[in-house]
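The values are calculated or read from the model by the stated rules, or taken from the named source; none is laboratory data. No experiment lies behind these values; they were computed from the predicted model shown. Don't worry about glycine lacking a Cβ; one is built from the backbone with ideal geometry, like all the others, and counts go over all protein chains shown.
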Amino acid sequence: MKLRWSALLQWETLLVFLLVATFLMGSSIAESFLTGTNLSLATADLMEKGIMALGLTLVIIAGEIDLSVASVAGLSSAILGWLVDRGAPLGAAIAAALLAGALCGLFNGLLVARVGLPSLVVTLGTLALFRGLAFVVLGDRAVSEFPLGFTEFGFNNVPGTLIPWPAVVFTVLAVLAFLVLHRSWIGRQIYAIGNNAEAARFSGVDVDRIKIGLFVTSGMLAALAGVVFTARFASARPDNLLGFELDVVTAVLLGGVSIFGGRGTLIGVVLGLFLIGALRNSLGLADVGAEEQSIVIGTLLIVSVMGTNALRGMQERAARRRPAAPIEGGGRS
Amino acid sequence: MPDSTATAPEPLDAPVLDRPRPRTARLLDVVGRVREVGIALALGLLVLVVAIQEPRFVRPGNIEEILLSVSILSIVAVGQTLVVLTRNIDLSVGSIVGVSAFVCADTMRGSPDLPIPLILILGILIGAGLGVVNGFLVTVGRVPAIVVTLGTLYIFRGVDFVIAEGDQVNAADVPDGFLDLATARVLGIPSLILFAVVIVAVASYGLRRWRSGRELYAIGSNPDAARLVGVPSGRLVFGAFVICGALAGLAGVLWAARFGTVDARAGSGLELAVVAAVVVGGVNIFGGSGTAYGAALGAILLGTIENALSILKLNPFWLQAIQGAVIIAAVTVDALITRRLQRALRKARRRA
């Protein structure tokens, strides 16, 4: 197949260029940027946001939003810490934390799909509710006594490589999410719902059930992110991952997912995620504070949505200019 | 079918907004009023229950304390109401409050002789300027408001940190006249509360009586229809963002005056409380219905719950969870009432 210019006009292509540019900038800012240790640490730092972004991507493509992800992760961390502190076996504590995440997602999903409330308001409410519950569970304490194997999973790399264990978890989940979204009937139904929920309903898609399932998925992934974070810092605190929802939403939108649903790819989101990570890391190496870095991230977010809008316009115009392909073997008169 | 052809088409030049409004619109109005009465009732019940447990709760001093603590929130919530009515949202208000609070406090420290009205105007102008950025990106840039203001939430806060350079303004550094802006009493009422009352009153009146106020509802109910009948949507949405920014700017000055101590973190996370107040106050997040005094009532309800928790010496950790639950309860009740009413209406129509 001949390479078309329109293929280069993909948002993902632009993200790759931006990512390369950021890497060039990073290595010119600080020699330590392009070292294995730094990249390994920076990647590990990004994995909780990445795991949450996978679930959120599915939710946003289906035309909804989940602002409660970081609070679910905080609640999961608090439950994990509370149980381990009471002498529960680690496996059971992790299972309970994940189950709590699934229940949080179910709560969001039922309110959105069954009661018919706007997900923006529901998850804004549960953002406060779940974070509040995290404080109720753990008070203002922090639990930092965990079995050695758990914290080693958080600190260490895969033996003989520079790949942190959390990155392995993220990669497996990202591949799974890719298969679900881009290679399965569920994925096609998710896009259909995001494009036009009514039309999807009339063509036999069980919109409510899929939406509930997506919120449950998002909740469980967020809870897993909370577990990973707890392992990496060997600390369960009720305010863990506070405010992470902003970076997660930004990564998804920067990746080219439309806030109105129906458009976007998982590859774009992963690129967006690493773009944010590389930017924050290289700016951090240049002694730019976290809050000042946010100026760049915020600008990038707005510009990226303007960019995807402009690109879409160009693609549509290009499509209109191209003459319609002749129907081959057309026997109709 | 013959029914629809029987009614003569109305003349095109009839003032569209004065036509008898369709049933659903009136229905929404009823629900809206039910909402504000509902919040008032919930508030009354809460006050009653807590007062029985702890009479200190209803002492004038404590009531004043509650109103003081929600005044700034109410002012920002009124601005947010204007934006939400048009089916948009402004998540950057907390950051605007922060920039305005720091710049104004810093200015007062640098030049203590500056007349107080000037510093008020400075804060309002800063807020309006940042509101212009939001409004421009939404109306001209055609970027969804939630994306724009999520971005400017980051950007404005970052700018605040750049301006502050890790510095902090203390109450001792600014003249007393500036602190009086929030604490001075007029007719026995703290001026901060008066600011909030005046703004809520003007906004409520304007939304009801002024043409542009009514048009904000029209945009939110049906953006395409509003444009078709000649409502200048772009200009009004832009205006809503500018006013919302200006009110957040004013709230920033008052924040600095009330607390005296200001660093670059002032107002962080305020956007969540503001959106919560607006939603609890019965403003539809998809635009088209709600009132400014409803938003203020929402703010008062949330502030009263916070105060009640501390006065009853309940575990303060429950506060955030309860606030979240209140938001969800409010919108759930809303949805259920609307559904019930719609079903009743449909039944009535079938009988007719």
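The rows are residues; the columns are (1) away from every other protein chain (no Cβ under 11 Å); (2) closer than 29 Å to residue B:240 by Cα.
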{"site": "B:147", "(1), (2)": "no, yes"}
{"site": "B:179", "(1), (2)": "yes, no"}
{"site": "B:185", "(1), (2)": "yes, no"}
{"site": "B:191", "(1), (2)": "yes, yes"}
{"site": "B:197", "(1), (2)": "yes, yes"}
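Working only within the range B:310-325, note down all residues that are assigned to a helix (DSSP H, G or I) and more than 8 Å from chain A (Cβ to nearest Cβ).
Correct list: B:310, B:311.
Just checking, does the range B:176-192 include any residue being of a type in the set (Asp, Glu), closer than 28 Å to residue B:72 by Cβ and without any contact (Cβ under 8 Å) to a residue 24 or more places away in the chain?
Checking the range B:176-192: at least one residue is of a type in the set (Asp, Glu), closer than 28 Å to residue B:72 by Cβ and without any contact (Cβ under 8 Å) to a residue 24 or more places away in the chain.
Which members of the range B:311-352 meet the condition of being buried (at least 19 other Cβ atoms within 10 Å of the Cβ), free of Cβ contacts under 8 Å to residues at least 40 places away in the same chain and either more than 21 Å from residue A:239 (Cα to Cα) or of a type in the set (Lys, Arg) (or both)?
B:328
Any chance the range A:76-95 includes a residue that's modelled with pLDDT of 95 or more, buried (at least 17 other Cβ atoms within 10 Å of the Cβ), under 24 Å from residue A:262 (Cα atoms) and not β-branched (Val, Ile, Thr)?
No; the residues of the range A:76-95 include none that is modelled with pLDDT of 95 or more, buried (at least 17 other Cβ atoms within 10 Å of the Cβ), under 24 Å from residue A:262 (Cα atoms) and not β-branched (Val, Ile, Thr).
Would you confirm whether or not the range A:83-94 contains a residue that is within 14 Å of chain B (Cβ to nearest Cβ), of a type in the set (D, E, K, R) and either touching a residue at least 60 places away in the same chain (Cβ under 8 Å) or within 15 Å of residue A:212 (Cα to Cα) (or both)?
No, every residue in the range A:83-94 fails to be within 14 Å of chain B (Cβ to nearest Cβ), of a type in the set (D, E, K, R) and either touching a residue at least 60 places away in the same chain (Cβ under 8 Å) or within 15 Å of residue A:212 (Cα to Cα) (or both).
If I ask for residues that are more than 18 Å from residue A:243 (Cα to Cα), more than 7 Å from chain B (Cβ to nearest Cβ), without any contact (Cβ under 8 Å) to a residue 24 or more places away in the chain and of a type outside the set (A, V, I, L, M), which ones from the range A:277-311 would you list?
Passing the criteria: A:284, A:287.
Given the residues B:296, B:344, which is the only one that is away from chain A (no Cβ under 14 Å), over 19 Å from residue B:196 (Cβ atoms) and part of a helix (DSSP H, G or I)?
B:344
If you take the residues in the range B:112-136 that are within 14 Å of another protein chain (Cβ to nearest Cβ) and surrounded by fewer than 23 Cβ atoms within 10 Å (Cβ to Cβ), which one is nearest to residue B:223 (Cα to Cα)?
Among those that are within 14 Å of another protein chain (Cβ to nearest Cβ) and surrounded by fewer than 23 Cβ atoms within 10 Å (Cβ to Cβ), it is B:136.
Quick check on the range A:219-227. Is at least one of its residues within 14 Å of another protein chain (Cβ to nearest Cβ), in contact (Cβ under 8 Å) with a residue 60 or more places away in the chain and at negative phi?
Within the range A:219-227 (the criterion being within 14 Å of another protein chain (Cβ to nearest Cβ), in contact (Cβ under 8 Å) with a residue 60 or more places away in the chain and at negative phi), the answer is no, since none of the residues qualifies.
Show the residue pairs that are 6+ apart or on different chains and have beta-carbon atoms under 9 Å apart, the first residue being within the range B:47-73 and part of a loop (DSSP other than H, G, I, E, B), the second being at pLDDT below 90.
B:54/B:308; B:54/B:311; B:54/B:312; B:54/B:313
Could you please let me know if residue B:256 is within 30 Å of residue B:112 (Cβ to Cβ) and within 14 Å of chain A (Cβ to nearest Cβ)?
No.
Taking the condition of being within 14 Å of chain B (Cβ to nearest Cβ) and among the polar types (S, T, N, Q), how many residues in the range A:247-271 meet it? Let's see the steps before the verdict.
In the first step, residues of the range A:247-271 are kept if they are within 14 Å of chain B (Cβ to nearest Cβ); the result is A:247-264.
Right, trim to among the polar types (S, T, N, Q) and you get A:250, A:258.
The total comes to 2.
Picking from A:244, A:233, A:274, which residue would you name as being away from chain B (no Cβ under 12 Å), closer than 15 Å to residue A:81 by Cβ and hydrophobic (A, V, I, L, M, F, W, C)?
Working: A:244 fails: closer than 15 Å to residue A:81 by Cβ; A:274 fails: closer than 15 Å to residue A:81 by Cβ.
The match here is A:233.
Quick one: residue A:223 ticks every box in (1) at pLDDT 95 or above; (2) over 14 Å from the mean Cα position of the chain (by Cα); (3) hydrophobic (A, V, I, L, M, F, W, C) bar one, so which box is it?
Of (1) at pLDDT 95 or above; (2) over 14 Å from the mean Cα position of the chain (by Cα); (3) hydrophobic (A, V, I, L, M, F, W, C), only one is false for residue A:223: (2).
If you take the residues of the range A:130-166 that are touching a residue at least 60 places away in the same chain (Cβ under 8 Å), assigned to a helix (DSSP H, G or I) and facing chain B (nearest Cβ under 7 Å), which of them is surrounded by the fewest Cβ atoms within 10 Å (Cβ to Cβ)?
Top of the filtered list is A:135.
To keep it simple, each residue is scored yes or no on (1) surrounded by fewer than 24 Cβ atoms within 10 Å (Cβ to Cβ); (2) among the small types (Gly, Ala, Ser); (3) within 19 Å of residue B:194 (Cβ to Cβ).
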residue	(1), (2), (3)
B:71	no, yes, yes
B:76	no, no, yes
B:79	no, yes, yes
B:84	no, no, no
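Condition first: within 25 Å of residue B:91 (Cα to Cα) and among the acidic types (Asp, Glu). Can you find one or more residues in the range B:157-164 that meet it?
Taking every residue of the range B:157-164 in turn, at least one turns out to be within 25 Å of residue B:91 (Cα to Cα) and among the acidic types (Asp, Glu).
Given the condition surrounded by fewer than 22 Cβ atoms within 10 Å (Cβ to Cβ), within 14 Å of another protein chain (Cβ to nearest Cβ), in a loop (DSSP other than H, G, I, E, B) and modelled with pLDDT of 85 or more, answer yes or no: does some residue in the range B:160-167 qualify?
The answer is yes; a qualifying residue exists.
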